[in-house]
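Q: I'd like to ask some things about the structure below.
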Amino acid sequence: MRAAFTMIELVFVIVILGILAAVAMPRLAATRDDAVNSGLAQNIVGGAGEIAAYTTSHGEVLDDLTLMSNGMKTLVDTGVGVSGSKSVTVTRGADAACVVVAIDTNATTDMLTISTSSSSDPQCINLQKLIDTSTYPMVIRGTNAVL
């Protein structure tokens with residue numbers, strides 16, 4: 001009667017575990033990227049809603065979107081977004097302007113826009129798929145008659 005495993009049996013178990021780990025690791029990395037993209041998309045879309053709510057309640061648009069939206073502030077504070085005059089540009093992957101949230105202002109109307117670049121970077125493309133841009137541009141101050 002045997003009391004222990006042979007060396008060859010242990011080697012086979014280690015090889016099988018190595019193969020399973022090699023197969024699972026890329027999928028785990030992709031899951032992490034999906035989670036990051038979901039968080040970014042939530043900050044972008046949620047931030048756009050916060051900007052619209054701020055404009056409605058205060059009756060004005062500020063040049064710094066991070067002062068009107070915690071979502072935009074989070075993007076900038078984490079280094080994913082860059083704040084400009086009435087805009088936040090989101091970087092994802094190799095695309096420095098993957099998504100841009102901006103306010104276009106004229107004499108009577110402020111329009112909130114979310115625009116996406118035509119990127120070939122897979123991380124940027126996956127982020128863009130999570131954002132519904134069909135409701136933008138959105139009038140946040142003024143009238144729809146301008147459209």
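The values are calculated or read from the model by the stated rules, or taken from the named source; none is laboratory data. Remember, it's a predicted structure, so these values are computed and weren't measured experimentally. We place every Cβ from the backbone using ideal geometry, glycine too, and count neighbours over all the protein chains shown. Ligands, DNA and RNA are stripped out before the accessible areas are found, and what is left, the full protein with its side chains, is counted by its heavy atoms. Shrake-Rupley method; radii C 1.70, N 1.55, O 1.52, S 1.80 Å.
Q: Suppose we filter region 69-85 for residues that are crowded, with 19+ Cβ neighbours inside 10 Å and either farther than 24 Å from R32 by Cβ or acidic (D, E) (or both); how many remain?
A: Residues meeting the conditions: 1.
Q: Please give the number of the condition I103 fails out of (1) over 28 Å from A29 (Cβ atoms); (2) surrounded by fewer than 18 Cβ atoms within 10 Å (Cβ to Cβ).
A: (2)
Q: Quick one: how many residues across region 41-68 are open to solvent by 60 Å² or more (accessible area, probe 1.4 Å) and assigned to a loop (DSSP other than H, G, I, E, B)?
A: Kept after step one, since they are open to solvent by 60 Å² or more (accessible area, probe 1.4 Å), are these residues of region 41-68: 42, 45, 50, 56-58, 60, 63, 67.
With assigned to a loop (DSSP other than H, G, I, E, B) added as a condition, the list becomes 60, 63.
The qualifying residues number 2.
Q: Give region 42-57 a look and list any residue that's among the hydrophobic types (A, V, I, L, M, F, W, C) and either without any contact (Cβ under 8 Å) to a residue 12 or more places away in the chain or in contact with a Lys or Arg (Cβ under 9 Å, 6 or more places away or on another chain) (or both), or say none. Even if it seems obvious, please write down each step before you answer.
A: From region 42-57, those among the hydrophobic types (A, V, I, L, M, F, W, C) are 44-45, 48, 51-53; that's our starting set.
Of everything in region 42-57, just one residue is among the hydrophobic types (A, V, I, L, M, F, W, C) and either without any contact (Cβ under 8 Å) to a residue 12 or more places away in the chain or in contact with a Lys or Arg (Cβ under 9 Å, 6 or more places away or on another chain) (or both), namely A53.
Q: Can you tell me which residue within region 87-100, out of those that are surrounded by fewer than 18 Cβ atoms within 10 Å (Cβ to Cβ) and in contact with an Asp or Glu (Cβ under 8 Å, 6 or more places away or on another chain), is farthest from I51 (Cα to Cα)?
A: Ranking the qualifying residues of region 87-100, first place goes to A94.
Q: Further question on the same structure: I'm trying to understand the selection: among the residues of region 87-101, which are in contact with a Gly (Cβ under 8 Å, 6 or more places away or on another chain) and of a type in the set (A, V, I, L, M, F, W, C)? Spell out the reasoning first.
A: Going through region 87-101, the residues in contact with a Gly (Cβ under 8 Å, 6 or more places away or on another chain) turn out to be 88-91, 101.
Residues satisfying the conditions are V88, V90, V101.
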